[in-house]
Each structure stands twice: as C-alpha cells, then as structure tokens.
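Derivation of every value follows stated rules applied to the coordinates shown; laboratory data play no part. Bear in mind that the values here come from a model prediction, so they are computed numbers and not experimental data. Note that each Cβ is placed from the backbone with ideal geometry, even for glycine, and that neighbours are counted across all protein chains shown.
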Amino acid sequence: MKHLLLPIAAISALSSVLVAADFAGSSDHPLVKRVTGSEIFFAKKSDFEKLKLALGKIEWSGAEAKVKPYQSATVEGKLLTNYYKTPDKMGTLEVLRNYEQELKEGGFEILHSGQGEEIETIGYNNQIAREILGMTGTYGTPEEKAQWPFQHTDEKKAGYIAAKKTGDSGEIYVSAYIVSNQHNKWLDIPVDRTLVRLDVCEVKAREQRMELVKSGEMADQIALNGRVALYGILFDFDKATIRPDSEPTLAEIAKLLKEKPALNILVVGHTDATGGFEYNRGLSQRRAESVVASLAAKGIAKERLFPVGVAFASPVATNTTEDGKAKNRRVELVDMAGGKAK
C-alpha cells in the first residue's frame, strides 16, 4: 500500500521506518502509514478492544443540554491506537485530505469525513473526543496526557474520518481525529502543531477465555467466600442488553437458586474505569437489573434478588492494562446471609 501522499508543493518520500523519537514499542499499522516526518508520541495495542466510530454529524441540543441522537457504530477486535504529531506547517485540513486520499487508494470505503461544523456542533465540549473516543479524563496517566490536546482544541479546525475495508482476512475499520494543538509546549509539542489520533481495528470474534462456572462451583464459592465472580454474563457495548452467549451462565445461576431455595443474593454489576464514575454506576446498575429480570423470567422470585451497580469501586485488578480491565468487568453474586435489602 502507498504511503500518505503530500501535496506536490511539499513532495517528500514517505517511509514506514520508525523515527528515533517515537514512543517506545510503537509502530505504524501496515495498511495506514504516517505522514512523512510525523512522530508517534503515545501508542497502545490490544488483542481485543472496542472502537466507536461516528457515522454522521454530532449535534448539540441547547434545549436539552445534551447531544441529539446520532449515527455511530462500534466494532471489536485487535486495536492499534497511535498518537502522531505531524511536521511543522501542515494544517489539519491538509492532513485530513491526505488520509482521505490514502484510504481511498488503499481500498477503504469512507464512512464519514469532515471538518468543523461538518462533524459536530462547534462550542459544546468537543464531542468527537468525548462521545466517540471516550476522552473524559484529566492528565493523570500517560494516555490522558496524550488525549488532553484532543479534548481542548479549536473545533473549527478539527477533522475526523471513519473508513472501512473488507478483505479476505475480514473487516478493518480506521478512524482518524485530527486537531491543532492549543497548549503551549504541552508534551513539548508547539502550539498549532497538527496532531492525529489514529485507530485501526481488525475485527475478530472474542476468544472465550472464561470457562463456564457450574452451579455447584458457584455454591462452593459462595459458601467459602460469601460471593462468586462471574465473567460469562456479557452485554452489548455501553448498554444493559444481555448478549445471547450469556445464556449458559444465566441458566447455571437459575439452577443454583432453585437448588438453594434459602439463598437470597445481591446481583452486583462491576465495570472497568473507562469513563466517568457516575455514568458507570448507572450502567452497572442497569446491567444488574437486566440480570435480575432474566432470572425472574426463569422462575426465580424477584424478592430473592437485589440488583446493585458499583461502577469501578471494587476492582480486582489494575485498570491501567487491558487484561486488568477485563478482570474488573464482571457480575458478582453475593450472599445476603440474612441481611435485608431494604
């Protein structure tokens, strides 16, 4: 695949050779090369993660003080995220057009692309960063420091592109968010330097790594520890909708409760630390309620079940790695042991 093409007035060879100043362990994706002279100032990789894509303009409702419903899609798979600073004097529109051209020539379908008001209502907290890319932190971690210029930029200049390619090995999705740095010497990046967050997701099915926990093992864990953590209850991204492949685990919970008629439980939803605490508390509560509703539909009295959402208040692993986040996303059954829910 060709490298990103620069305008004739600025012709220079494009290269996949890593720059000495690149973030340790980082590399370009083989299908989407960098603009010549760019440097990777932060990067991360995951064998399985989600990527949200904007498929239309995000509009703000002043009357409701929130974004209006908008088109988006979420895909899952192997994800590469690179943060680039481009060469001096390359504007955001120029970089956007280069990505559009390169992706088209590489066989990608452009799903959505634009700049400024074409991608979001200007002046309302940079919703591409917030709604699509989940940039809601401050600057407490290296990744949040890299995200900061994208959260606080001149939205009129910002550009965004989402693209898709289908090949023999499956679907590949790309998004690029292109902004102008507005912070003096932030991360040693000059003001007005164009920055790019590039995400490339190679869609694949999730590998089921957690074995089904049988009702007998659940009973043993509850008897020993007062609770059991379950990873077989899965939800649609950012929703409380239980996925069909959760059915075996739900069936084992129902079997446990039928075998132990005196057992009353808290159904506790846990999330990782992605996003705000209050938002995750609400999401985890709704997910716990969905589990209770599913068990009730299987003949378990609702009076024996009490849903609780605790967001990321009770992690079992670090939230700074993907493996740790996966361990923290779970549903726990906690023995009420004679306690009262109300």
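Annotations for the structure displayed:
- Expected 222 nm ellipticity per residue - DSSP helices of 4 or more, -39500 (n - 2.57), all of the chain, to 500: -7000 deg cm²/dmol
- D (Stokes-Einstein, µm²/s), Kirkwood Cα radius, the range 137-229, 1.567 mPa s at 4 °C: 74 µm²/s
- Once the Cα atoms are used to define both axes, helix 215-225 deviates from the longest principal axis of the chain by about 90 degrees.
- Rounded to 10°, Cα long-axis angle of helix 92-105 versus longest principal axis of the chain: 80 degrees
- Where chymotrypsin sites (Phe, Trp or Tyr not before Pro) fall in DSSP loop in the range 272-327, at most 10 other Cβ within 10 Å: none
- Taking the average, over residues, of other Cβ atoms within 10 Å as the packing measure, peptides 92-102, 212-222 rank 92-102, 212-222 from highest down.
- Fewest-first sequence of His270, His152 by Cβ atoms within 10 Å of each Cβ: His152, His270
- Helix 142-151 and the longest principal axis of the C-alpha atoms of the chain enclose an angle of approximately 60°.
- Cα gyration tensor, the chain - rounded (a/c under 1.5), prolate or oblate: prolate
- Site pair Lys104 and Lys50 shows an inter-label distance of 3.2 nm when each label is modelled 7 Å from Cα along Cα→Cβ.
- Amide H contacts of Trp60: Lys68, Thr121, each under 5 Å away and 5 or more positions distant or on a separate chain (H built 1.01 Å from N in the peptide plane; Pro and chain starts excluded).
- Peptides ranked, highest mean first, by Cβ atoms within 10 Å: ranges 42-48, 289-295, 194-200: 194-200, 289-295, 42-48
- Ordering of 26-33, 82-89 by burial proxy (mean other Cβ atoms within 10 Å per residue, highest first): 82-89, 26-33
- Whole-percent pair-distance distribution, where bins are 10 Å wide, for the alpha carbons of the range 8-203: 9, 38, 39, 13, 1, 0
- Among the listed pairs Lys89/Lys145; Lys66/Lys185; Lys45/Lys327; Lys85/Lys165; Lys104/Lys204, those with a Cα-Cα distance over 21 Å are Lys89/Lys145; Lys66/Lys185; Lys85/Lys165; Lys104/Lys204.
- Hypothetical label at Ala73: residues of the range 26-65 whose amide nitrogen lies under 14 Å (7 Å Cα-Cβ projection): 51-56
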